[in-house]
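Okay, structure first, notes after.
The values are calculated or read from the model by the stated rules, or taken from the named source; none is laboratory data. Since the structure is predicted, the reported quantities are computational estimates derived from the model, not experimental observations. Quick reminder, even Gly has a Cβ in these numbers, built from the backbone with ideal geometry, and neighbours come from all protein chains shown. Areas reflect the complete protein model, heavy atoms only, side chains present, ligands, DNA and RNA absent. Shrake-Rupley method; radii C 1.70, N 1.55, O 1.52, S 1.80 Å.
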Amino acid sequence: AAFQKASQEAAEAQRKWRVSVPMSKFIELRKMYNKAGVKIHIAKFSPENWSDEEIDYAFNAAKALGAKGVSTEISDKSCQKLGPFAEKHGMFAIMHQHLQPGEPGWTFEKFLAYSPAIMLNFDSGHYFGSTGLHPNGIIEKLHDRIVSIHLKDKTGPKGNPPNTNMEWGKGETPISDILLLLRKNKWPINADIELEYPVPDSSDAVAEVKKCVEYCRNILV
């Protein structure tokens, strides 16, 4: 009982704090990133368990950041809850998946059907790692419902070791095919580097992301 009471009090305190921050703070953040040459296209607030007031706030904050919508993990609940809010704000509720496509009978279309404002943050690495299927099949089929693609290099489900994050170029994910498909069709889909492999002791996250950027540049330039 004491724990439940404390949790409720903490949630209320968090709600008050969350909606108290003025939009000017998000505008300042957007300007800082834009000045550095970075555009923010997704804001991952994961607000499906928030109050309606907080969800409205999340979409307003995302809009202030210049994002196309609010991102969260894909589920029936998140799609049912956030689809109407995305429509209300003229934005997107952008769903990210992990290994669910490897489950029997699981489809993206089921979740996209909840609302035209439901879009995908398609994780190509997790898709390949869990299914062994080429990500371009999904990208070609659902490109008009994809806002961004997470890029990572993984082994497939039959790899050694299976479904494992690797340094780029050492895994099996067809990153080159993905990037060339997007360029060929000129689809307005962001390709986002997601650094998930263990960073070597002799390096750091910034250096590894630079390696990933160079990997992509060598494919496209």
Practice task
Holding the Cα-Cα limit at 31 Å, pick out from LYS16/LYS141; LYS44/LYS141; LYS35/LYS186; LYS88/LYS186; LYS31/LYS110; LYS68/LYS154 the pairs that are longer than that.
Solution key: LYS16/LYS141; LYS31/LYS110
Completion exercise
A 1.4 Å probe over the protein heavy atoms gives the stretch 1-116 a carbon and sulfur accessible-area percentage of 58 percent
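Given charges of +1 on the Cβ of Lys and Arg and -1 on the Cβ of Asp and Glu, with all other atoms neutral, how large is the dipole of the chain about its Cα centre, in debye to the nearest 20? Intermediate values should be presented prior to the final figure.
Values: 28 positive and 27 negative charges, 141 e Å.
Using Cβ point charges on Lys, Arg, Asp and Glu, the chain gives about 680 debye.
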Completion exercise
Expressed as a whole-number percentage, the relative contact order of the stretch 98-217 with C-alpha contacts under 8 angstrom and at least six residues apart is 22 percent
Practice task
Determine the relative contact order of the stretch 118-181: mean sequence separation of Cα pairs under 8 Å and six or more apart, normalised by residue count, in whole percent.
Solution key: 36 percent
Practice task
When a/c is below 1.5 the answer is rounded, else prolate if a/b is larger than b/c, else oblate, so apply that to the chain with a ≥ b ≥ c taken from the square roots of the Cα gyration tensor eigenvalues.
Solution key: prolate
Handout entry: Solvent exposure of the stretch 1-145 as accessible area per residue, Å², 1.4 Å probe
Key = 53 Å²
Problem - Pair ILE40, VAL19: separation of 7 Å Cα→Cβ label points (nm) - result: 2.1 nm
Practice task
Determine, from the Cβ-Cβ distance of LYS31 and ASP192 and an R0 of 30 Å, the FRET efficiency 1/(1 + (r/R0)^6), rounded to the nearest 0.05.
Solution key: 0.90
Fill in the blank from the handout: For the stretch 1-45, the dipole about the Cα centre with charges only on Cβ (Lys and Arg +1, Asp and Glu -1), to the nearest 20 debye, works out at 260 debye
Handout entry: Residue-averaged [θ]222 nm for the chain, counting only DSSP H segments that reach four residues, each worth -39500 (n - 2.57)
Key = -15000 deg cm²/dmol
Handout entry: Sequence ranges 10-19, 58-67, 156-165, ranked by mean other-Cβ count within 10 angstrom, highest first
Key = 58-67, 156-165, 10-19
Fill in the blank from the handout: In cubic angstrom per residue, the convex hull of the stretch 133-199 built on its Cα atoms measures 82 Å³
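Normalised by the residues of the chain, what does the relative contact order come to in percent, with Cα pairs under 8 Å and at least six apart?
Working: 331 pairs, mean separation 26.1, N = 221.
Rounded, it is 12 percent for the chain.
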Exercise for the section: Could you tell me which of rounded, prolate or oblate describes the stretch 1-101, using a ≥ b ≥ c as the square roots of the eigenvalues of the alpha-carbon gyration tensor, with rounded for a/c under 1.5 and, failing that, prolate when a/b is larger than b/c and oblate otherwise? Expected result: oblate
Problem - Bridge type composition, the chain - antiparallel percent by DSSP, nearest 5 - result: 10 percent
